[in-house]
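Enquirer: My structure is below; once you've seen it, I'll send some questions.
Quick note: the coordinates plus some simple rules give every number you see, no bench work behind them. In this text the structure is predicted, and so the values were computed from the model without any measurement. Counting neighbours? That spans all protein chains shown, and the Cβs are built from the backbone with ideal geometry, glycine included.
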Amino acid sequence: MIIEKKKGFLDPKKKKENKENKKIENKKSANSATFKHSAKKHNKKETKVSRKKMSMGSRYAVKSRKRMIPTITHLRDDITLGIKPRKVSKDHVRVIPIGGVEEVGRNMIAVEYGNDIIIMDAGLEFPTSDHPGVDYLIPNVSYLKKYKHLIRAIVISHGHLDHVGALPYVIEDLGNPPIYTTGFTAALIKKKHSEFKHLPTPNIIQVKKGDRLKIGKEGMFFRFFGVEHAIPDSIGTILETKFGDIVYPGDFKVARDKDNNPVEVEEYEEMGKKGVLLLILESTNIEKEGFSGTDEEVAEGLESVYEKAKGRIITATFSSQIERVVDIVKISEKLGRKVAVLGFSLKTNLELAKEYNIFAPKKDTLIDIKDVDKYPQNKVMIICTGGQGEENSALVRIVNKRDRNIKIQKDDTVVLSSSIVPGNERPVQYLKDNLARQGAKVIHYKMATVHASGHAYREEVAVLHKLVKPKFFIPVHGFYFNLVRHKELAMELGMPEKNIAVPFCNGTIINLNDQKIEQIKDSVPANFVTVDGLGVGDVKEVVLRDRNILAQDGIFVVFAVVDETTGRVKTSPDIISRGFIYLRESQELLHEVRRIIRSTIEANTKIHPIDVGFITEEVREEVGKFLFQHTKRRPMVLPVIVRV
Ligand SMILES: [Zn+2]
Ligand SMILES: [Zn+2]
């Protein structure tokens, strides 16, 4: 199916594709022209191509040894600008992973049938260093926005941010459709929405496992089932269609007993007996062999670590790991330790958990963080956020001595009850180092069983496939490679390859009925959308690229005044630079640059009126080239040419 898609991409006979490809090729050659350009002699024709094709500041932006924004994003940009597909005939159901199949996070899946659109999850993704200054990445809903009058429901599987976090940013674009979810998740959603004053109260329809209700206008039904995951009240969805049931558990793991026999899987068994058309399943931990740890194992592991602690204990975990926190409080009670909770999100989540009877500490267990010193050190447990070394998290504030109440002291035991999210290795290392420097004993997940993943490992994923026995399968949630590994597992378990559709990228369109499943060559827009401060979607690729250049090689601003009548540069051009080189120590280089600016400008002022735009480009080109030759750096060159 992927191959088909690829063919569609490249088939030269197809007129439209051909045109699109040319566009891309043009872009490419514009790039390579620029490269050649800086090495070769000046060539007017080439410059013209690149001038037309490339935007401001980009010519010296291309830096092959450093990774910029993934190219696939640009490629897709060209293809999907038109927002075409819809036309869903009644002989198939359509599934579109809007986000979450090229990354971990930003999960969103759209299902279309006739005049109904159902959306499953609306998550955000935390940016990597590719996106400097950006707060979150969210799914691109521009296609869904166009057809918002057909959106009948958003189902939210659970309250983790990669499933629910984009809601406040997209709900209006989606036309405020009803949100179907469980009580606890609903409480989290309402809490979050209350921070967005301009949003109307979310229209939430509370559901629970076992519920069955009609959805939309085309005769579809929702059924819900319980799901084991790292947050309370997770729920899976079965969408009953004309062709059969579509099963989407969201994030899951499989509960098991000590001998690795799966338990509490009756609901999956039942689905399998009834027959399942399509399984849409997460692939987060597909590369990890065996089973993920259980909550019981973690509780035991934590208890044995806590028992050995001589002084205070500080346990850091994710604020969304509510069940873990509940366990930690229970163990603390057992060991006679008072508990102080630190961290805003953790406190809020625990308040909600209390309201929903998930969390019921004894009357005098919880103490205020200010009162910690009133108790003997071996009677204190502090639970906080910050196990990932996140800036401004409670634990990092403590370590940086910015917390008013808690300072690390000798005999403290700090337990990091989380694994390291990829990309956070450095901050976690600094955190461990600084804790150790200040005399704390640090225990992390590689030293003791103090954490278990909330996502199924390969063996558990296999268990689910064997129980549900779907006819068709779409792997989601993970990088493309994860999805392929998941497909391989399904095939090992006996599923024919033609029954599996691995989404080629976000925005891929998959059609299926009871006969077959196929990816079509069309797709919908799915390039990422950024959230930065108050802006949603206004930090585009160009802005990010500029931020990357500025971060890597700085900026070089040239200011020159040209006499309109004589065509000569008046006085010496001004130069301002940040993050490139220290100007005061580079007088010789600056002298040379000024000479180049002057000669470049004056070579182009023979015509009247003076073409400032053209001269600006020439100066950018020449100065950029010169700086690269002499420093092997490519700062952003910004010429400002003024006529007088
Ligand atoms: Zn989750
Ligand atoms: Zn997730």
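Enquirer: Taking amide H positions as placed 1.01 Å from N in the peptide plane, with prolines and chain starts having none, which residues 5 or more places from I382, or on another chain, fall under 5 Å of its amide H?
Expert: Residues meeting the amide H criterion: I313, I314, T315, A340.
Enquirer: Next up: Can you give the percent of C-alpha pairs in the chain whose distance is more than 46 Å?
Expert: Cα-Cα pairs in the chain separated by more than 46 Å: 30 percent.
Enquirer: Mind checking which of G236, V93, T181 is farthest towards the positive end of the chain's charge dipole, using Cβ charges of +1 (Lys, Arg) and -1 (Asp, Glu) about the Cα centre?
Expert: V93
Enquirer: Can you tell me the order of 583-594, 214-225 when each peptide is scored by its average per-residue count of other Cβ atoms within 10 angstrom, highest first?
Expert: Packing proxy ranking, top to bottom: 214-225, 583-594.
Enquirer: Counting Lys +1, Arg +1, Asp -1, Glu -1, what net charge surrounds Q409 among other residues with beta carbon under 13 Å of its beta carbon?
Expert: So the surrounding residues net to +3.
Enquirer: Also: So if I take the centroid of the Cα atoms in the stretch 239-281 and the same for the stretch 183-230, what is the distance between those two points in Å?
Expert: Taking the Cα centre of the stretch 183-230 as reference, the centre of the stretch 239-281 is 20 Å away.
Enquirer: Let me ask another. With θ set to phi - 60° and the Karplus curve 6.51 cos²θ - 1.76 cosθ + 1.60, what are the ³J(HN,Hα) couplings of the stretch 159-172 in order, to the nearest whole Hz, using x for Gly and Pro?
Expert: In residue order, the calculated couplings are x, 5, 4, 6, 10, 10, x, 7, 3, x, 8, 10, 4, 5 Hz.
Enquirer: Further question on the same structure: Each residue of the stretch 267-283 in turn: what ³J(HN,Hα) in whole Hz from Karplus with 6.51, -1.76, 1.60 and θ = phi - 60°, glycine and Pro shown as x?
Expert: 4, 5, 4, 4, 4, x, 5, 6, x, 10, 6, 9, 10, 10, 9, 5, 10
Enquirer: Taking amide hydrogens as modeled 1.01 Å from N in the peptide plane, which residues meet the under 5 Å criterion relative to F359, leaving out close sequence neighbours?
Expert: K354
Enquirer: Rounded to the nearest Å, what's the spacing between the alpha carbon centres of the stretch 586-627 and the stretch 437-460? Just the number, please.
Expert: 58 Å
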